[in-house]
Every structure is written in C-alpha cells, then in structure tokens.
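I have placed the structure first, in the form of structure tokens, so that the comments after it can refer back to it.
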Amino acid sequence: MDIIRIDPVPEHFSLTWMLGSLCNYDCMYCSADWHDTTSRPHDLETLQRAWQDVHAQSQHLGLPYKISFTGGEVTANKSFLPFVAWLRENYKIDQLLITSNGSASLAYYQRVAAIVESITLSTHSEFMDEAEFFHKARELNRIMIRPRRSLHVNIMDEPWNRDRIALYQQFCQRHDISHSVNSIDMKWRVRDQHAPLPEPTLGRLD
C-alpha cells in the first residue's frame, strides 16, 4: 500500500445549527428535546437575521465557514431551501451540510444537492418507505460526486428492524453509497412501543 498524498485539513469556523424541533416523523427513540410535530418553524427573515448575527461576530477570524444543519427535520421548514440558497449566493461558505430523514421528494433533494456539499439521510423504519428512501439515496449518490460533494446514509440500529439492516447495507454496498450503522441510545425513548412498521419494499429495488 502506497501513500499517494497527504492534504492538511483546513481550519474552519464550524457551526452545527439545529433549525428547530419540528419533524414530520415521531420516532419513539428520539427525545422530545430533538423533535416535535407541532412547533412553528422559523421564517426566512428570522433565519437570515440569525446568520447575520453569527457572521458579524465571527468574520474577523478570517476562517472559512462550515455549517451543518440538523433538526428536527430540516426539510419540514419551507424556508430551509431558500435560506441555504441565500447563504450560498451572498456569503463565502466553504461547506454546507445537512442531515435529513429522507422524506422530502427526490426533486427537492436534487435542488439541495446543487447548493450543499454533503447530504446525510437517516433511516427510520417506523415511518419511511424503504424503496422510496433508497431510490433517493441511489439517485443522489450519482450527482454528489466525491471528493467535493458527498451522500451518506445513516442506518439506524433499531432493535426491531435488525433483520432489514443487512439488506440496507447490501444495497449501499452494491451501489457504492457511503453508509454506517448508527447505535441508538434507547434511554431517550418517548414511548415504549414503536409505531407499526410499513410493509418492507426494498426487495423491489435493483
């Protein structure tokens, strides 16, 4: 094995931004601190003002910006896509990253992919349609070309769904999709019983 090149990792002003708790899913292991189904999302003007405050207090550092957006569910906020487009158009942002549950449309994610450097989709078997989720992952992986852009799938290690996890891994391996199996801290569960699982559909995919 040969080492071809070593690139220094540039220093960033890194910001993990939880846009809000609103989520269209209600996973039983997700703390109420991280999600709800009723809160009102911030509008575009509020998000812009929040960023302008951060920028005003940090631009003197002269560091490139790396912003990771999470929730809740970022795509549940109708202002999210206009906001990241505004950021890209008006500020020198080195990296924009988002984590999503994969429930938005493929067309929506394709628009996001043209703006951001990284999209992470997380499986949540209580609510997702397997075939639709992994179809989006496959299509997005085709346009999120490494090393500058990337698509990653977080496979949640849900105890009741472990017979499907191997299939998720096999699909990702078959289509060269970056993925990991993520452990769950069940002490944060908001109820003891998970929602009824949708009918498995992954077997219908190539």
Item to check | Sequence-distant residues sharing a close amide H with Met156 (under 5 Å, placed H) | outcome: Thr123, Asn182
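Taking neighbour counts of Cβ atoms within 10 Å as a proxy for exposure, in what order, fewest first, do Leu19, Leu61 appear? Could the numbers behind the result be given before it?
Working: Leu19 22, Leu61 11.
The order, fewest Cβ neighbours first, is Leu61, Leu19.
What percent do you get for the relative contact order of the chain when only Cα pairs under 8 Å and 6+ apart count?
Working: 315 pairs, mean separation 44.5, N = 206.
About 22 percent, as a whole number.
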Checklist outcome for this item: With no solvent term and unit scatterers on the alpha-carbon positions of the chain, Debye gives log₁₀ I(q)/I(0) at q = 0.12, 0.14, 0.18, 0.19 Å⁻¹ of -0.68, -0.91, -1.35, -1.44
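Using a 10 Å Cβ count of at most 12 others and DSSP loop calls, identify the longest part of the chain lacking such trypsin sites (Lys or Arg not before Pro). All intermediate terms of the calculation are to be shown ahead of the outcome.
Numbers: sites that count: Arg5, Lys78, Lys92, Arg148, Arg191.
Of all site-free stretches, the longest is 6-77.
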Checklist outcome for this item: With Cα coordinates, the longest principal axis of the chain makes an angle with the long axis of helix 162-174, in degrees rounded to 10, of 60
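Throughout, read-outs are computed from the coordinates displayed, never taken from laboratory work. Computed from a predicted structure; not experimentally measured. A quick note on method: Cβ atoms are made from the backbone with ideal geometry, for glycine too, and the neighbour counts reach across all protein chains shown.
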